[in-house]
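Here is the structure we will look at, set down as structure tokens.
The values are calculated or read from the model by the stated rules, or taken from the named source; none is laboratory data. Computed from a prediction, not measured in an experiment: that's the story for all the values here. Using ideal geometry, Cβ is built from the backbone for each residue, glycine included, and neighbour counts are taken over all protein chains shown. Heads up: the accessible areas ignore ligands, DNA and RNA and are worked out on the full protein's heavy atoms, side chains in. Shrake-Rupley method; radii C 1.70, N 1.55, O 1.52, S 1.80 Å.
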Amino acid sequence: MSRTMEWAARAEHLRGIPRKLVIAAVGGFAKTVSSFLNTADVHNGDTLLRLVRSRPHRVPLITVSNHMSTLDDPVMWGFKGFPIFDTNLARWVLAAEDICFRNALYSYIFRVGKCIPITRGGGIYQEHMNEALERLNDGEWLHTFPEGKVYQEDAPIRQLKWGTASLIVRAPITPIVLPIVHHGFHEVMPENYMFGKRPPIPLWNKKIHIVIGDPIEFDLPAMRQKAISQSRNESFPTIGWPSTPDGLDEAAQRYLYTTISEQIRAAMERLRCLGKSFMKS
């Protein structure tokens, strides 16, 4: 279904009117849930605002965060001062195909709302990862949930999927990568609220904490060389990935994506611990 809706994701679709309407409606919902029904505390929000509004020409931005509820995106962008109604600044986001694109109406709305369908378990070379790369090549902002699914337990950041790392490596221009960790959305939209189901509407009078880090520095040339060297000395299972344009075979890619993913996970875990200290104080 999602494949037939690629036209709806284009900025020029119906002169951009459907996108403006969807972004306005979603933005209003996010503002209401985040800033009026609940209370959101944001640490280091200026860094996110600066990178969303002003980056070097054609340099893309990837934000990564934990995933505590089905409302994380868009509600996490509803905090005071964020330009959530600006269709040009709005993020692209990788969205689960089985949840967001399960019928024609959902597919159209999510496509117009700058969502890219991803099949969970489909691997890093699935069709729509190329679409994500195209958006990065355009210098756009892309948000990902590298844990791969909703986790509502208050626990350390889990091992990350390789999709985000592969986008960082394969992007024509290396993206700025900004980690974000939030807490509280699991109370706004709990997975097991009543009879094992989510509530029909978001809950209110909850406290949301959003901790935004600083951009993660990746020395990709050195990391590529180390991946090539290490992959020659170690055994990695292979499933037939193509080599990258700069010559990384599958074994080197696996080593490199693991290294980058662990660096991102460690940055997110530091933010999680920082956030817990803020909540205690």
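So that you can scan it fast, the table gives a plain yes or no per residue for (1) in contact with a helix residue (DSSP H, G or I) (Cβ under 6 Å, 6 or more places away or on another chain); (2) surrounded by 20 or more Cβ atoms within 10 Å (Cβ to Cβ); (3) of a type in the set (Phe, Trp, Tyr):
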{"position": "20", "(1), (2), (3)": "no, no, no"}
{"position": "27", "(1), (2), (3)": "no, yes, no"}
{"position": "30", "(1), (2), (3)": "yes, yes, no"}
{"position": "33", "(1), (2), (3)": "yes, yes, no"}
{"position": "46", "(1), (2), (3)": "no, no, no"}
{"position": "49", "(1), (2), (3)": "no, no, no"}
- Note on the structure: Within region 94-141, residues being more than 14 Å from the chain's Cα centre (by Cα) and outside any loop (DSSP other than H, G, I, E, B) number 19
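Do you know which of the residues in region 142-162 that are among the β-branched types (Val, Ile, Thr) and part of a loop (DSSP other than H, G, I, E, B) is nearest to residue 219 (Cα to Cα)?
Taking region 142-162 and keeping what is among the β-branched types (Val, Ile, Thr), we get 144, 150, 157.
Filter once more, keeping what is part of a loop (DSSP other than H, G, I, E, B): 150, 157.
Numbers: 150: 30, 157: 23 Å.
The selected residue is 157.
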- Message: Can you find a residue that is among the aromatic types (Phe, Trp, Tyr), closer than 26 Å to residue 59 by Cβ and surrounded by 19 or more Cβ atoms within 10 Å (Cβ to Cβ) anywhere in region 185-200?
- Response: no
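For the structure I just gave you, tell me whether residue 246 is surrounded by fewer than 15 Cβ atoms within 10 Å (Cβ to Cβ) and either at pLDDT 95 or above or among the small types (Gly, Ala, Ser) (or both).
Working: surrounded by fewer than 15 Cβ atoms within 10 Å (Cβ to Cβ): yes; either at pLDDT 95 or above or among the small types (Gly, Ala, Ser) (or both): no.
It is false that residue 246 is surrounded by fewer than 15 Cβ atoms within 10 Å (Cβ to Cβ) and either at pLDDT 95 or above or among the small types (Gly, Ala, Ser) (or both).
How many residues does region 52-73 hold that are open to solvent by less than 20 Å² (accessible area, probe 1.4 Å) and not hydroxyl-bearing (Ser, Thr, Tyr)?
Going residue by residue through region 52-73, those that are open to solvent by less than 20 Å² (accessible area, probe 1.4 Å) are 52, 60-66, 68-69, 72.
Next, only the ones that are not hydroxyl-bearing (Ser, Thr, Tyr) stay: 52, 60-62, 64, 66, 68, 72.
The qualifying residues number 8.
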- Go through region 66-89 residue by residue and tally those that are over 18 Å from residue 181 (Cβ atoms) and touching a strand residue (DSSP E or B) at 6+ places or on another chain (Cβ under 8 Å). 2
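Enumerate the helices (runs of 4 or more DSSP H) found wholly within region 163-251, keeping only those where 2 or more residues are of a type in the set (Val, Ile, Thr). Let's see the steps before the verdict.
Values: elements: 163-170, 185-188, 220-233.
Helices (runs of 4 or more DSSP H) meeting the threshold: 163-170.
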- Message: Among the numbered criteria (1) among the β-branched types (Val, Ile, Thr); (2) over 16 Å from the mean Cα position of the chain (by Cα); (3) closer than 16 Å to residue 93 by Cβ, which one does residue 164 miss?
- Response: (2)
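I'd like to verify a number: residues in region 166-207 that are of a type in the set (Val, Ile, Thr) and within 23 Å of residue 79 (Cβ to Cβ), how many? Outline the logic, then answer.
Going through region 166-207, the residues of a type in the set (Val, Ile, Thr) turn out to be 168-169, 173-174, 176-177, 180-181, 188, 201.
Filter once more, keeping what is within 23 Å of residue 79 (Cβ to Cβ): 176-177, 180-181, 188, 201.
Number satisfying all stated conditions: 6.
Report yes if residue 124 is open to solvent by 60 Å² or more (accessible area, probe 1.4 Å), farther than 30 Å from residue 188 by Cα, touching a residue at least 60 places away in the same chain (Cβ under 8 Å) and of a type in the set (A, V, I, L, M, F, W, C), otherwise no. Steps first, answer last, please.
On the way: open to solvent by 60 Å² or more (accessible area, probe 1.4 Å): no; farther than 30 Å from residue 188 by Cα: yes; touching a residue at least 60 places away in the same chain (Cβ under 8 Å): yes; of a type in the set (A, V, I, L, M, F, W, C): yes.
Judged against the criteria, residue 124 is not a match.
Taking only region 164-180 into account, find how many residues are touching a Gly at 6+ places or on another chain (Cβ under 8 Å) and open to solvent by 10 Å² or more (accessible area, probe 1.4 Å).
Narrowing region 164-180 to residues touching a Gly at 6+ places or on another chain (Cβ under 8 Å): 173, 178-180.
Next cut, open to solvent by 10 Å² or more (accessible area, probe 1.4 Å) only: 173.
Result for region 164-180: 1.
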